[in-house]
Structures are given as structure tokens and as C-alpha cells.
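The values are calculated or read from the model by the stated rules, or taken from the named source; none is laboratory data. None of the values given here were measured: they were computed from a predicted structure. Positions of Cβ are backbone-derived with ideal geometry, glycine not excepted, and every protein chain shown enters the neighbour counts. Please note that ligands, DNA and RNA were not included when accessible areas were found on the heavy atoms of the full protein model with its side chains. Shrake-Rupley method; radii C 1.70, N 1.55, O 1.52, S 1.80 Å.
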Amino acid sequence: MEDCVGIKYSSVNEGEERKGGHGVPKVSIIPLIFLIFYEVSGGPFGIEDSVKAAGPLLAIAGFLLFALIWSVPEALITAEMGTMFPENGGYVVWVSSALGPFWGFQQGWAKWLSGVIDNALYPVLFLDYVKSSIPALGGGLPRTLAVLILTVALTYMNYRGLTIVGWVAVFLGVFSLLPFFVMGLIAIPRIEPSRWLEMDLGNVNWGLYLNTLFWNLNYWDSISTLAGEVENPKRTLPRALSYALVLVVGGYLYPLITCTAAVPVVREFWTDGYFSDVARILGGFWLHSWLQAAAALSNMGNFVTEMSSDSYQLLGMAERGMLPEFFAKRSRYGTPLIGIMFSAFGVVLLSWMSFQEIIAAENYLYCFGMILEFIAFIKLRVVHPNASRPYKIPLGTIGAVLMIIPPTILIVVVMMLASFKVMVVSIMAMLVGFVLQPALVYVEKRRWLKFSISAELPDLPYSNVEEDSTIPLVC
């Protein structure tokens with residue numbers, strides 16, 4: 001007996017549908033591409049550390065290689081699983097279906113915490129870019145107030161609707177990439193190809209190098225938590241992921257290739273924000289100012305898209321009965337009101353962390369979540385080979401296993417390179433999830449809070465149910 005007998009997501013089988021069940025317009029392909037772009041990248045801001053850590057040759061080769069062994073597999077898995085389970089909650093639902101609700105909750109906890117830690121970075125980076133023009137924002141009470149004001153303002157944008165966030169992402173994405181395109185054109189006559197070959201293997205900061213590459217090329221799966229808000233996700237999601245992959249990787253390689261060969265490479269200079277100095281050297285003050293403005297605004301794009309993903313993940317978990325029902329409450333604009341408030345509170349709480357601590361901590365938690373995703377992906381392929389997959393990676397089970405071996409090795413390396421402090425804090429954070437899930441189950445049994453599964457969603461049978469191995473999954 002085949003394991004798919006017709007369980008359907010009614011709202012996504014109607015390809016012409018433009019609005020969700022709450023009367024809110026769904027996200028079309030162009031805003032979706034830029035939402036993915038900002039979930040993953042936001043532009044080449046922050047990639048300068050790869051040159052500082054390893055020099056031009058390894059930086060360029062690293063972004064090419066990491067894109068192949070990490071970004072491509074993660075984007076492909078997101079396309080397959082996201083169209084298989086086109087609902088809010090994304091990877092939480094994938095893991096729950098394969099491994100059961102306990103591990104689904106752990107996936108949600110680790111990924112949400114990783115996302116909130118990541119988002120705490122962007123108001124701080126924004127102020128780092130503008131403090132040269134407004135020195136008072138460099139520290140103290142003015143900086144603290146500025147972080148709070150920015151967080152409140154950008155949180156309000158999320159409250160007003162995902163379609164607004166999507167089109168804001170389009171505008172910010174174009175504005176942020178244009179100065180790099182212009183700078184690259186100006187750099188072409190000055191290119192000296194020999195500079196690309198500069199490398200010193202005896203002087204490579206492997207921890208900084210790998211963390212920089214990993215941080216700038218991950219989070220492809222984050223868009224899955226918004227799948228229920230996407231117009232015709234079974235068709236739109238795979239296409240948007242493929243276009244965004246080209247946009248992200250091209251957006252990194254183009255300025256790296258042109259700028260490292262157009263100016264003498266002094267590795268110590270290549271730290272966050274150095275592209276603006278290169279812009280001044282190549283184009284003058286006008287290009288320098290444009291790029292700084294683009295960098296500042298790009299952080300806003302990163303913030304609003306990350307908060308959207310985090311808050312819709314909480315909404316999706318509540319719709320699956322993993323969190324109290326009030327997390328599924330929507331505002332009059334159709335946005336996850338409680339999820340947005342929780343995510344904003346987490347950002348403010350974690351904004352004291354340093355840049356490097358934020359990257360290392362979020363990478364560690366993210367790695368834990370990716371391991372669960374890989375296991376879920378393979379298990380669903382093995383246990384439910386005939387389940388409906390509107391987009392399916394053109395590989396068999398053995399090919400799928402081989403595809404995830406390189407990124408799995410990378411995950412292990414990144415986790416091993418974490419400092420002892422980051423490792424301890426991250427493991428403690430994960431242990432909180434191990435306690436929190438059974439605590440919420442107890443709360444539900446005692447009826448202290450109300451939990452419920454949305455009537456609009458199909459049943460989610462778990463593939464590890466031993467009593468009936470032919471339970472259908474999704475169709």
C-alpha cells in the first residue's frame with residue numbers, strides 16, 4: 001500500500017488563490033526572492049573578515065565551495081520539504097513528522113533562539129555604520145535608546161504585514177546592491193589578477209574564516225516558516241530559492257573578485273565596513289557615502305525579514321499545538337502578534353552580546369537544528385518514499401545521503417571550532433528546550449493554558465508510529 005492517500009493542504013492546492021484564510025494578500029515571487037535574500041545575506045556587508053582571515057584566494061574559493069557544499073543542498077532540501085509541508089512552522093513540522101513532537105519542539109527552540117540571537121546584531125550594526133556621522137551613538141545612554149527605538153520601529157513594520165515587509169525588502173535589496181555594482185565597474189580598469197593569488201596557509205585564522213563563510217551562506221531554510229503565507233508555494237518556493245541563490249552568491253563574489261584585485265590587499269584592513277573604504281579609494285566620497293547608507297539600511301532589511309521568520313515560526317508551532325494557543329493569535333493585519341512581541345523582547349535582551357559572540361553562538365545553535373533537519377529529510381525519504389513531493393530533488397536515497405555528507409562534516413567542524421564559552425552557553429540553551437517541552441505538555445494536561453491544532457491544517461501523522469507503518473503523510 002502506498003503511503004499517500006490524499007491528505008491535502010486545501011489552501012495551497014488552489015493555485016489561483018491570492019489571499020490567505022485571514023483575508024491578507026499572500027506573498028508573490030518577487031518579494032519572496034528578496035525575503036530569502038535578506039534571510040540569508042542582505043548583501044556583501046560583513047564578508048570582509050574572510051579576506052582578513054585567509055587572504056583573497058581562499059576568500060573567493062571559500063564562497064564558491066561553501067555555496068556548493070552548503071547553500072545548494074540546504075536550498076534544495078528547503079524546496080523539497082517546504083513544498084511537501086507548505087505551512088507556517090516549516091522545519092519544525094518536517095522534524096515533527098519524521099522524529100515526533102519532542103524533537104520537533106527542540107528544532108523550533110534551537111532555530112528560534114538562533115534567529116533571535118542573529119537579529120540582536122542588526123540594530124547594533126546599523127548604529128556602527130552611522131556613528132561616524134553621529135558620534136553620540138557610539139556608546140552610553142544615547143546608543144541604548146537608539147537600539148530600543150530602532151527595535152520598536154522595525155517591529156511595528158512587521159506588525160503591519162508580511163507583504164509590506166516583502167516589498168520593503170525589494171527596495172532595500174536593490175538599493176543595497178547597486179553601489180557594489182557601480183564600484184565593481186569602476187574597479188575593472190584597476191584590476192591586477194596577481195592579487196587574487198595571494199595566500200599564506202601558515203597564517204590563516206580558520207575559526208574566523210569558517211564562521212564568516214558559514215554565517216553569510218546559511219539560513220536558507222528560514223523561509224520555510226512563512227510557507228503558509230506564500231502564494232502557490234508548491235510552485236513559487238522552489239523558483240524563488242533558485243533565483244535567490246544566484247543573487248546571494250553573485251552578490252558576494254562580484255565585489256570580492258573586483259575589489260581584492262583593484263586595491264593592494266592589506267589583510268589587517270579587511271574588517272567589517274572596509275568595503276566603504278575601498279569605495280572611497282575607487283570612487284570618492286559620494287560612493288563611500290552611498291555604500292555606508294546601503295549598509296545601514298541593509299541591516300534594517302535583515303532585521304525585519306528575520307523577525308518575520310521567527311514570529312511566524314512561533315505561530316506555526318502554536319497552530320500545531322506545540323505552544324499555547326495565544327501564540328497563534330493574529331493582528332488585524334494577519335501578522336503573528338504574540339510571536340512578534342516575543343521575538344522583539346528576545347532581541348532587546350540579547351543586544352548586549354558582542355559581534356563575534358553573536359555569530360559563534362547562533363552558528364552553534366543553528367548547526368544543532370540542521371542536524372535534525374538532515375535526519376528528518378533522509379528518514380522521510382526512506383519511510384515515506386511515495387509521499388507527494390511537488391518538488392523533489394532528482395536524487396535517490398543514496399544520492400540524498402551523499403549530498404548531505406559534506407555539509408554534515410562542515411557542521412561538525414564549525415561546532416568543534418567554537419570557543420568553550422560559546423559551547424557551554426549553547427549547550428545550556430539547548431538543555432532548556434529539553435526541559436521546556438515536557439513542561440508544556442504537563443501544562444496542557446493540567447489545562448493551565450489552552451493548546452489546540454488548527455482546523456485548517458491536515459493531520460500530521462508521525463513517521464515513527466510503530467502501530468501502522470502505512471499511515472499516510474502528505475499528498
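In this model, which of K379/K445; K26/K329; K26/K450; K111/K392 are farther than 20 Å apart at the alpha-carbon? Intermediate results must be reported in sequence, preceding the final value.
Working: K379/K445 30 Å; K26/K329 18 Å; K26/K450 28 Å; K111/K392 24 Å.
Checking Cα-Cα distances, K379/K445; K26/K450; K111/K392 exceed 20 Å.
On full extension of the chain, what length is gained from D277 through V432, given 0.36 nm per residue of separation minus the C-alpha to C-alpha distance? Don't skip to the answer; put the middle values down first.
Details: separation 155, 0.36 × 155 = 55.80 nm, distance 4.33 nm.
Length gained, D277 through V432: 51.5 nm.
How much mean residue ellipticity at 222 nm does the chain get from its helices, if each DSSP H run of length 4 or more adds -39500 (n - 2.57) and you divide by all residues, to the nearest 500 deg cm²/dmol? Provide the component values of the computation, followed by the final result.
Details: 18 runs with 308 residues, N = 475.
Value at 222 nm, helices only, nearest 500: -22000 deg cm²/dmol.
What distance in nm lies between label points placed 7 Å from Cα along the C-beta direction at N386 and A61?
That separation, rounded to one decimal, is 4.8 nm.
Would you kindly state how much longer the chain becomes between M423 and I149 on full extension, computed as 0.36 nm times their sequence separation minus their alpha carbon distance, in nm to one decimal?
On the way: separation 274, 0.36 × 274 = 98.64 nm, distance 3.19 nm.
In short, 95.5 nm is gained.
Hey, what angle do you get for helix 206-216 against the long axis of the chain, alpha-carbon based, 0 to 90 degrees rounded to 10?
The answer is roughly 60 degrees.
Tilt of helix 420-446 relative to the longest C-alpha principal axis of the chain, in degrees (0 to 90, nearest 10)?
Around 30 degrees separate the two axes.
Give the residue from G251, V230, Y274 lying farthest towards the positive end of the charge dipole for the stretch 151-302; charges sit on Cβ (+1 for Lys and Arg, -1 for Asp and Glu) and the dipole is referred to the Cα centre.
V230
At a 1.4 Å probe radius, which order do L253, L395 fall into by accessible area, largest first?
On the way: L253 25, L395 75 Å².
Ranked from most to least accessible, the order is L395, L253.
By the gyration tensor of its Cα atoms, with a ≥ b ≥ c the square roots of the eigenvalues, what is the shape of the stretch 35-142: rounded for a/c under 1.5, prolate for a/b over b/c, or oblate?
On the way: a/c = 2.83, a/b = 1.47, b/c = 1.93.
Cα axes put the stretch 35-142 in the oblate bin.
Angle, helix 140-160 long axis vs. longest principal axis of the chain, Cα atoms, 0 to 90°, nearest 10?
Approximately 50 degrees, to the nearest 10.
With no solvent and one equal point scatterer placed on each C-alpha of the chain, evaluate the Debye formula and give log10 I(q)/I(0) for q = 0.05, 0.07, 0.09, 0.13 Å⁻¹, two decimals.
Log-scaled intensity ratios, in q order: -0.18, -0.35, -0.58, -1.22.
Placing +1 at every Lys and Arg Cβ and -1 at every Asp and Glu Cβ, with all other atoms neutral, what dipole size does the stretch 22-94 have around its Cα centre, in debye to the nearest 20? Before the final figure, lay out each step's value.
Working: 2 positive and 6 negative charges, 21 e Å.
The calculated dipole for the stretch 22-94 is roughly 100 debye.
What whole number of Å gives the distance from the Cα centroid of the stretch 33-108 to the Cα centroid of the stretch 392-436?
12
Estimate the FRET efficiency between F175 and K445 by the formula 1/(1 + (r/R0)^6), using the beta-carbon distance for r and 51 Å for R0, to the nearest 0.05. Numbers along the way, then the final one.
On the way: r = 51 Å, r/R0 = 1.01.
For F175 and K445, the calculated efficiency is 0.50.
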